[in-house]
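J.: Just passing along the structure, written as structure tokens.
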Amino acid sequence: MEKMARVTTALGGNTITGRTMFCHLDAPANAISVCRDAAQVVVAGRNIFKIYSIDEDQFVEKLNLRVGRKPSLNFSCADVVWHQMDENLLATAATNGVVVTWNLGKPSRNKQDQLFTEHKRTVNKVCFHPTEVYMLLSGSQDGYMKCFDLRKKDSVSTFSGQSESVRDVQFSIRDYFTFAATFENGNVQLWDIRRPDRYERMFTAHNGPVFCCDWHLEDRGWLATGGRDKMVKVWDMNTNRAKEIYCVQTIASVARVKWRPECKHHIATCSMMVDHNIYVWDVRRPFIPSAMFEEHKDVTTGIVWRHLHDPYFLLSGSKDSTLYQHIFKDASQPIDRANPEGLCYSLFGDLAFAAKESLISSDSNRKPYIGDRRHPIFFKRKLDPTEQFEYISSSSALSVFETDLESGSMDWFVRTAKQYALAGRPLAELCDHNAKVAKELDRDQVAQTWTMLRIIYSSPGTVPSANLNHSLGKGSTSLPLMNSFNLKDIPPGIGNESRLERSKGESRSENILMDSSSTLINNDENEETEGSDVPADYLLGDVEGDEDELYMMDHENPHAEEQEYILPQEAFPLRHEIVDNPSALDHLQEKADSPHVSGNEAETVSLTPVESFSLISISHSLYENRLPTDFFNPIVRDMLLFYAEQGDVQMAVSVLIVLGDRIRKEIDEQTQEHWYTSYIDLLQRFQLWNISNEVIKLSTCRAINCLNQASTTLHINCSNCKRPMSNKGWICDRCRQCASMCAVCHHVVKGLFVWCQGCSHGGHLQHIMKWLETSSHCPAGCGHLCEYT
Amino acid sequence: MMVAGSDCCGRTDIKGYLPCEQCGDLRNKEDREIKIPRQLGRGPSSFIPVEEILQEGTERAQRQLFIEAFVSTGRVDNVTMVMGLHPEYLASFWKTQYLLLRLDGPLPYHKRHYIAIMAAARHQCSYLVGFHVAEFLKVGGNPEWLQGLHRAPQKLRNLNEINKILAHRPWLITKEHIEALLKTGENSWSLAELIQALVLLTHYHSLASFVFGCGINLEPGQEGGPAFQPPSPRSCDSSPASEDGMSSPSGKDAMQEVEVLMERMKLLQECQLEEEGVTQEEMETRFELEKTESLLVAPTVDIAEPALPPNVLCFVEEPEFGYKDFTRKGEQAPPTFRAQDYTWEDHGYSLINRLYPDMGQLLDEKFQVVYNLTYNTIAMHSGVDTTMLRRAIWNYIHCVFGIRYDDYDYGEVNQLLERSLKVYIKTVACYPEKATKRMYTHFWRHFKHSEKVHVNLLLLEARMQAALLYALRAITRYMT
């Protein structure tokens, strides 16, 4: 140990002057290993086997171990390892199944020492015992692991994994006798070298092959494994059952894992395919690598930390025929480029927004919106004093914006969904009904729209004009609000309360942030940053923008600029720019030509709130609607699009269903489908299964219709043995009888089968119907009084 | 019994049948199974007697698979029937093919079938071509495309080049081919589409091998239709003498063959434990030897090129492009593919699964199932470890395609695979259209038909894997 310490200090001078450097190899490398003095590295591959010394600013080729005239397959290395006790000793695993040891102390040119040809298949991995000089372990494709004593000619023991392909073997650092082996079938086994008959422990670590494993250098019960399933997992082996304590999801299958020295939670990985980078992860932070080396142009095949006690130097070999020394200082840190932000809606319109503190506090030149109800919560991860290598202290702020109970409540949505009638009655009735429903919920504009639709599409003159007038007038008052984003427009009473809340939040955040070195965040500033982002975001979701009770828009504070918000693309396909002044003018002109556009009223008005007032007086329905209903289709279509863009997809879909063919061809399939899926999604979130099903059923989109046919499995039991039928046919697996016999005709029922829930007898639908017409007892003769309704 | 089912109803009216009626029919007939009158020479395979296939048809797992196949596609085709001899494999195969053709994927359905047609046409497999022409039309493909490759969109036509290469000389595929297809432009392929297309191509190339290797008969409905052609032109030329290895006088020799094979396997197994004297150089030469020897194993009678039926020919451009031996003397051989440098388990799987989720998993399962499939029997012996034999076949097929395993002693191939078997394997793997019934009956004369089908499965999968590895390696190279 003393010697070790000296080496480290001796290395000290080296560390400072080292730099990121590389050298070209003649051939792709398969594996690399480093000498214990950290001054030399061996590179092995199919066509290369060389030792390089690591100088200050370059690699220098020291020795070529591929000697001899005829290249033998013994040189085709799958793996190489340098003994950590004896600097003259190396071992390689050849693709033809041979394990070779090399003694650099040999005077001759050929340093080959011993040859073990015991494995029948490719040897994937060799490993020296960390403290025992003569002990070598190998793992092979043939499913065997062999332990060699270098003083003997043959292996001393053979371990059979009882499965195919050993991919990695690693001696434990803590237990003298223990080693871990990983397998192609996803298992990891722990063995005691004294007991070759049976593994000590086995667990399934990955789905698919486990390519590599590595014991933690300090915390000795930890084993990291990497697999084809793109995961790196850290297992705590101290307990009885191996417990997965960390899991990192990478983007490609993991070829190698190596714990970073001196850093408890850091681990370096490289991948088998596709991805050429080397990542260093903090396992506690599995979503973003803490450092990344991007030098290689082909997959990295071998990584090794240059020195056992030095966390700054990483060596790597690659298929692109280069050998690199990476310096941690030069690593790219993806975290610098990332903006950790999260945004999520709750079902009831609450919004949670988390972002890095610095991001929020830096943006301070915006005015706060009044009326946000929020609960800012701050998270700060304390710096771990033991972790000297923690570069980025993460701290983020989470704000929750609550919509106030009335405006944010989605009650109206649920009630509307439940009460709307969508089919089964004449159009006029449906419209009337729906208008009534909307009216009851104080959604006048919606009610208005329904009434209009009724006027347009069913016979005219049935609606008293007074009524129309009235609602029109009412509608018009509410209309300007359509474009305001209400969630922050809060009735004064609640506003006060929220302010109170806010100050609470502020003080709380102060308390929490007290110990942090970062600047204290002014909560107000903080709020408004988010606040200004939020309105745009609100449109993203399904929160409705046209709640009528919200027309208490704060007039002293008109958000003129909000009109300009452009709807985010992802919310709904923006096919028509509705909020478009020229088009509104067109409408006006149209109106002048034909005053019948009363159906259009709501929409036009809402678009251009200022002009609308003057229009309303014109639009009294003094005229009989004699125009073909098709005439209004474009207007109704625009109306639907408008609702949808406002976020009231419920309205859009309901109208779509009620009007059916009258309007369907006006709107392209894709948009319709989009509306349907949005609405169905909403309904299902509110657990309105029945309604969502009804909507699916009534929809005319093929894509939607077939939703109902997906995963509709009905599990049945055999009528004889009463056990579940797993079979797809008509024969029960277990009792080997036909399960579904008709109780009347005693034939197998294929097709519609009806059965009594009481006695579970049944049969062909027709037969049972006929039978029960004349008899009330079960046709099977069980005495049950069956009923067919 | 399933044959009866598909026999008794023409393909045209299959749609009219409810699946349940159909199956009920079959079930009822199950009782009188063998006695079902059938047309002469019918049955799923012209090589294998019908009884052979039906005999084990009562197995539960198999029947269940058939039912599943029937329910989901409305038929149990002959390929499925023959594969049904190995239900474990069939399940896996079925899942893969189902995903490939009928589940979500980057390519639209009609294009998938069209690619299948293109692939099968390369081997003049009218069975598969006919089958997929029908499917193509069923999923709403444009009938005009069926007039030939020249009527298909340019995008599909671009695929012709790698189709040709993958079918006959997969080792020639390079990253330039991939690049050309992916090059942005009007008719470019996306990587995900290309992967699916590649899997489709290799799948159908090797399935064509299986069809010819087992002498699969045309489906009942296919005859009379425009697609009708005898599936393998030489399925009828077999002399009746060689018809039945078991009952013919040569049966005794065959018996001996089995014994010899058993003996050798035992010997090799023992040898391996002791023998260490073989130098690496020798191993190397053994592979080369096997490679070159495979040249000589070409079918002895070079039968004149059969006239291609026009309805298959129209999907083929450059029909003269065929398998060329991997190494010919005096020619610069393409570098040997080292199996360890690009394995399916490590590299191929990862790549496919990345670009075509689920497919990697299913293919992996399928390869594993077929590689590990064994009943521990050889002909009439049971309780035999056949690992060596299976590995020899697998590696020999890969050897024919230029893939070399460092850790395999190719001397074993020579010991274990008799010449007639090698001829058969080479033929079916490289130019399946030349496979004849005589070849089929000549190898392993005393083995069960199911075992011969097993060989064909190995052939199918090994060939597919080989081609896939070449293609995927090219893609990997393109990506790096």
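J.: Quick one: which residues, 5+ away or cross-chain, put their amide H under 5 Å from the amide H of A:CYS212? H built at 1.01 Å from N.
T.: A:GLY226
J.: Another question, then. Calculate the FRET efficiency for B:TYR375 and B:LEU103 from the Cβ-Cβ distance with a Förster distance of 41 Å, rounded to the nearest 0.05.
T.: 0.85
J.: Grab the Cα-Cα distance for A:HIS715 and A:VAL133, subtract it from 0.36 nm times how many residues apart they are, and report the gain in nm with one decimal.
T.: Residue separation times 0.36 nm, minus the Cα-Cα distance, leaves 203.2 nm.
J.: I've got another one for you. Return the distance in nm (one decimal) between the two label points of a simple spin-label model at B:GLU161 and A:GLN670, each offset 7 Å from Cα along Cα→Cβ.
T.: Taking the two extended label points, one gets 3.2 nm.
J.: Which entries in A:LYS125/B:LYS183; A:LYS722/A:LYS770; A:LYS152/A:LYS319; B:LYS164/B:LYS366 show an alpha-carbon gap greater than 29 Å?
T.: Correct reply: A:LYS125/B:LYS183; A:LYS152/A:LYS319.
J.: Calculate the FRET efficiency for A:THR774 and A:GLN249 from the Cβ-Cβ distance with a Förster distance of 45 Å, rounded to the nearest 0.05.
T.: So, using R0 = 45 Å, E works out to roughly 0.10.
J.: Something else now. Rounded to the nearest 0.05, what FRET efficiency is calculated for A:ASN708 and B:GLU179 with R0 set to 35 Å and r the Cβ-Cβ distance?
T.: Calculated value: 0.20.
J.: Roughly how many whole Å is it from the C-alpha centroid of segment B:466-480 to that of segment A:172-215?
T.: If we compute the Cα centre of each part, the gap is 32 Å.
J.: Apply the Karplus parameterisation 6.51 cos²θ - 1.76 cosθ + 1.60, with θ equal to phi minus 60°, to every residue of segment B:431-444 and state each ³J(HN,Hα) to the nearest whole Hz, in sequence, with x for glycine and proline.
T.: Calculated HN-Hα couplings, in order: 9, x, 4, 9, 5, 10, 5, 4, 4, 4, 7, 6, 8, 6 Hz.
J.: Continuing with the same structure: Work out from phi, with θ = phi - 60° and the Karplus expression 6.51 cos²θ - 1.76 cosθ + 1.60, the ³J(HN,Hα) of each residue of segment A:318-333, listed in order in whole Hz, and give x for Gly and Pro.
T.: In residue order, the calculated couplings are 9, 5, 7, 6, 10, 10, 10, 10, 9, 9, 4, 4, 8, 5, 8, 10 Hz.
J.: Whose amide H sits under 5 Å from the amide H of A:ILE245, counting only residues 5 or more places off or on another chain, with H placed in the peptide plane?
T.: When sequence neighbours closer than 5 places are left aside, the close amide H contacts are A:VAL234, A:TRP235, A:ASP236.
J.: Follow-up. Quick one: which of A:LYS418/B:LYS95; A:LYS258/A:LYS297; A:LYS111/B:LYS266; A:LYS233/A:LYS329; A:LYS230/B:LYS434; A:LYS153/A:LYS243 span more than 32 angstrom between C-alpha atoms?
T.: A:LYS418/B:LYS95; A:LYS111/B:LYS266; A:LYS230/B:LYS434; A:LYS153/A:LYS243
J.: Name the long-range amide H neighbours of B:VAL384: under 5 Å, sequence gap of 5 or more, or other chain; modelled H, no Pro or chain starts.
T.: Close amide H contacts, sequence-distant or interchain: B:THR377, B:ILE378.
None of the figures in this text is laboratory data; all of them are computed from the coordinates on show. Fair warning: this is a prediction, and the values are worked out from it, not measured in the lab. Quick reminder, even Gly has a Cβ in these numbers, built from the backbone with ideal geometry, and neighbours come from all protein chains shown.
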